[in-house]
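Everything below concerns the one structure shown next.
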Amino acid sequence: MFRMVRHCILDALQQYIDVCDLNVDIDTEIAVEPPHCKNHGDLYTNAAMVFAKKLKKPPKEIANIICEHLLKIPEITEASIANPGFINIRVNTDTWKLKIGEIIRLGCDYSYTNIYQGTTVNVEFVSANPTGPLHTGHARNAVLGSVIANLLEKVGYIVTREFYINDLGSQIKSLAKSVYLRYQENFGITVPDSTFTDDMYCGEYIRDITAALAEIHHDAFIGKDEAEWLRPFCEFSIARMMDGIKNDLAIVGVTMDLYTSEASLHARGMMDRALTKLMENGDVYGGVLPRPKGISNDEEWEELPQTLFNSTKYGDDVDRVIQKSDGTWTYFAGDLAYHLDKIERGYQRLVTILGADHNGYIKRLLAAVNAMSHGKVQFDVRLYQLVNFLENGVPVRMSKRSGNFITLRDVVDRVGKDITRYMMISRHHDVMIDFDFAKVVECTIDNPLFYVQYAYARICSVFRHYESVFGKVDEAELAICDTACITDELEMELVKALAYWPEQVKAAAIALESHRIPKHLQDIAHNFHALWNKGKTNAELRFIDRNDKESTKARLALLLATKFVIEDGFKIIGVTPMQEMR
RNA sequence: GUACCCGUAGCUCAGUUGGAUAGAGUGUCUCCCUCCGAAGGAGAAGGUCGUUGGUUCGAAUCCAAUCGGGUGCACCA
């Protein structure tokens, strides 16, 4: 219905003007939506006013043309113009009700719109350093990334979910050293905590790695030089940490398609490739950077000549160092290499999910991708605000090194996967979340997720009741049953809400905003609960009428469609629907 | 100092990417099960969309200032 109106608008204008000159994206630039005020009809569009600006013609003239076309569509019963150029549309009731059968036939495919037709997109998310288990901040990243990936698939993208492993650098060495210290303890060598320097890791999980190491290698590395044990300890620690991270992801329902390691990029000479690529553009030069404003005057700062990327040309605040004065690569060089790797793998679009603490990093990443892909790859970085973790209103301090942090596993163990996922995505990614353990646990009843779950459980309950009266439900039969008895205002509102669902999924995908999905599910659940309660006072609206199988089937068809849409929404956000909640 | 984000009902947040009379949940008040699940529903009350200008048919939304809060600002990863 929504698409039909959009295409009709496009057709209307094509007769009078060359639409190519307008270059309008009919899916994103005009609104075709249910109006806030019901008096305005079923749908409204602002198309006439949008085009009025582009064509420099009066909105009402354009509105007239569009209305004429809309009225040629048999399903549209009314199309009128309101000041200053809104077009209000009414659609035949039977046409709305056809959606019920359509939803039952299509199931979860109902919300699929192939507007991006197989465009390839890489969604990089989590990418936690393999120096410890995932914590609460990663939980938001993981859930957000996975839902965005699901949404992109809904609009026709071919999605690769990717995790970047930072397995080079000083943090990994610190990890290996920490493991080595604990390893010694397995053989009676006491290591006081003071041996651990600030940059080392002394969480309990280090002992888990150590125990496994000692079992395999026994005391082979005791008393040996660092040069001998550092490399194997790095490799072993990373492998163990990544196993743990993969398990952590699994318990929040996240599966990656690909893990790419920084070390492998290094081994393939990707840093050099990236440097060469930028040199070809003339974006590399040797120079000296000014002292950054952010570091205090007490700190040392040497002005040394280095290899720089001219990132300011692409909107960055300052140019960035690729190679230090001693010729070694910077961390940013690794990211250049990684993003060149992604570009060369042929993705048409890249999406990266990062925590708010990376906000200073976005501009240089955008500059890098823009420069290396010659502006041909669409690149979106989504920042999410940090999760404020509270225990009865008191903020929990977390430090990765001391090992004093709440892990993702802790959260899932206490509140479960579904509540964790729902909490992490039900708010806009730009807004901070207060995640209070005590509240989340004690207020599960108040959690909006349960409101939707309850609607779903009630629907399932009706189906159980139906089967005890009329026998097994035949879904194919429901898909084609006569819906003439569906006439009540609340019933029609539910039908229209279901009809609107694919549009909402599409909009959420285009905006990369996962929080819209739970919001719309709540709206649908609300429509359903209202209808349910109306049946309490008005017996004619009850779903099951023992004396009238035909109208019972029609109402069951509506419920089945509602059930499918909730299932679809839950699938997108990765939550399991509950058949019963007793 | 500077970059990015936030500021909407007592509280927690939406607001479909500039649309019509700004909406939910929660809390307060009043009602609704002889009944398919009351973990629900109907209604009342609650607002200078931080502030001030600007852009236009039209602004919570865009722009410029400004106030308050958050997160960052390496040649470290």
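Would you be able to tell me the number of residues in segment A:121-148 that are under 16 Å from the mean Cα position of the chain (by Cα) and in contact (Cβ under 8 Å) with a residue 40 or more places away in the chain? Working first, answer last.
To start, the set of residues in segment A:121-148 that are under 16 Å from the mean Cα position of the chain (by Cα) comprises A:121-127, A:137-148.
Retained after the next criterion (residues that are in contact (Cβ under 8 Å) with a residue 40 or more places away in the chain): A:121-126, A:137-148.
Residues that pass the stated criteria total 18.
Could you grab me the full set of residues in segment A:366-381 that are among the charged types (D, E, K, R) and either part of a strand (DSSP E or B) or crowded, with 23+ Cβ neighbours inside 10 Å (or both)?
Residues of segment A:366-381 among the charged types (D, E, K, R): A:376, A:380.
Hit for segment A:366-381 is A:Asp380, nothing else.
Return the residues of segment A:330-381 that are β-branched (Val, Ile, Thr), touching a helix residue (DSSP H, G or I) at 6+ places or on another chain (Cβ under 6 Å) and under 23 Å from A:Val431 (Cα atoms); say none if nothing qualifies.
Correct list: A:Ile353, A:Val381.
I'd like the residue in segment A:39-56 that is more than 8 Å from RNA strand B (Cβ to nearest atom), at pLDDT below 80 and of a type outside the set (A, V, I, L, M) and, out of all such residues, is surrounded by the fewest Cβ atoms within 10 Å (Cβ to Cβ).
Of everything passing the filter in segment A:39-56, A:Lys56 is surrounded by the fewest Cβ atoms within 10 Å (Cβ to Cβ).
I'd like the full set of residues that are near RNA strand B (Cβ under 10 Å from one of its atoms), without any contact (Cβ under 8 Å) to a residue 40 or more places away in the chain and not hydrophobic (A, V, I, L, M, F, W, C), limited to segment A:59-88. Working first, answer last.
Here is the first cut: in segment A:59-88, the ones near RNA strand B (Cβ under 10 Å from one of its atoms) are A:59, A:80-88.
Narrowing further to those that are without any contact (Cβ under 8 Å) to a residue 40 or more places away in the chain: A:59, A:80-81, A:83-85.
Listed by number, the residues that qualify are A:Pro59, A:Ser80, A:Asn83, A:Pro84, A:Gly85.
Looking only at segment A:522-542, which residues are touching a Leu at 6+ places or on another chain (Cβ under 9 Å), of a type outside the set (Val, Ile, Thr) and more than 8 Å from RNA strand B (Cβ to nearest atom)?
If the condition is that a residue be touching a Leu at 6+ places or on another chain (Cβ under 9 Å), of a type outside the set (Val, Ile, Thr) and more than 8 Å from RNA strand B (Cβ to nearest atom), then A:Asn527, A:Phe528 are the ones that fit.
Say whether the condition of being part of a strand (DSSP E or B), acidic (Asp, Glu), touching a strand residue (DSSP E or B) at 6+ places or on another chain (Cβ under 7 Å) and buried (at least 16 other Cβ atoms within 10 Å of the Cβ) is met by at least one residue in segment A:166-176. Give the steps one after another, and end with the answer.
First, pick out the residues of segment A:166-176 that are part of a strand (DSSP E or B): none.
No.
Tell me which residues, restricted to segment A:386-420, are modelled with pLDDT under 75 and either of a type in the set (Asp, Glu) or in a strand (DSSP E or B) (or both).
Scanning segment A:386-420 gives A:Ser399, A:Asn404.
When the residues of segment A:451-477 are filtered to those that are without any contact (Cβ under 8 Å) to a residue 24 or more places away in the chain and among the acidic types (Asp, Glu), which remaining residue is nearest to RNA strand B (Cβ to nearest atom)?
The qualifying residue nearest to RNA strand B (Cβ to nearest atom) is A:Glu467.
Just for helices (runs of 4 or more DSSP H) wholly inside segment A:247-361: which have at least 3 residues that are buried (at least 17 other Cβ atoms within 10 Å of the Cβ), among the aromatic types (Phe, Trp, Tyr) and more than 14 Å from RNA strand B (Cβ to nearest atom)?
Numbers: elements: A:262-267, A:270-280, A:331-344.
In segment A:247-361, there are no helices (runs of 4 or more DSSP H) which contain 3 or more residues that are buried (at least 17 other Cβ atoms within 10 Å of the Cβ), among the aromatic types (Phe, Trp, Tyr) and more than 14 Å from RNA strand B (Cβ to nearest atom).
For the list (1) surrounded by fewer than 20 Cβ atoms within 10 Å (Cβ to Cβ); (2) modelled with pLDDT under 90; (3) in a helix (DSSP H, G or I), I need the number of the one condition that A:Tyr16 fails.
Unmet for A:Tyr16, out of (1) surrounded by fewer than 20 Cβ atoms within 10 Å (Cβ to Cβ); (2) modelled with pLDDT under 90; (3) in a helix (DSSP H, G or I): (3).
Residue check: is A:Ser194 part of a helix (DSSP H, G or I), small (Gly, Ala, Ser) and without any contact (Cβ under 8 Å) to a residue 24 or more places away in the chain?
Details: part of a helix (DSSP H, G or I): yes; small (Gly, Ala, Ser): yes; without any contact (Cβ under 8 Å) to a residue 24 or more places away in the chain: yes.
Spelling it out, A:Ser194 is indeed part of a helix (DSSP H, G or I), small (Gly, Ala, Ser) and without any contact (Cβ under 8 Å) to a residue 24 or more places away in the chain.
Filter segment A:210-234 for residues that are under 37 Å from the mean Cα position of the chain (by Cα) and closer than 15 Å to A:Gln171 by Cβ and give the result.
Matches in segment A:210-234: A:Phe233, A:Cys234.
The values are calculated or read from the model by the stated rules, or taken from the named source; none is laboratory data. All values reported here derive from a predicted model rather than from experimental measurement. Note that we place each Cβ from the backbone using ideal geometry, even for glycine, and neighbour counts take in every protein chain shown.
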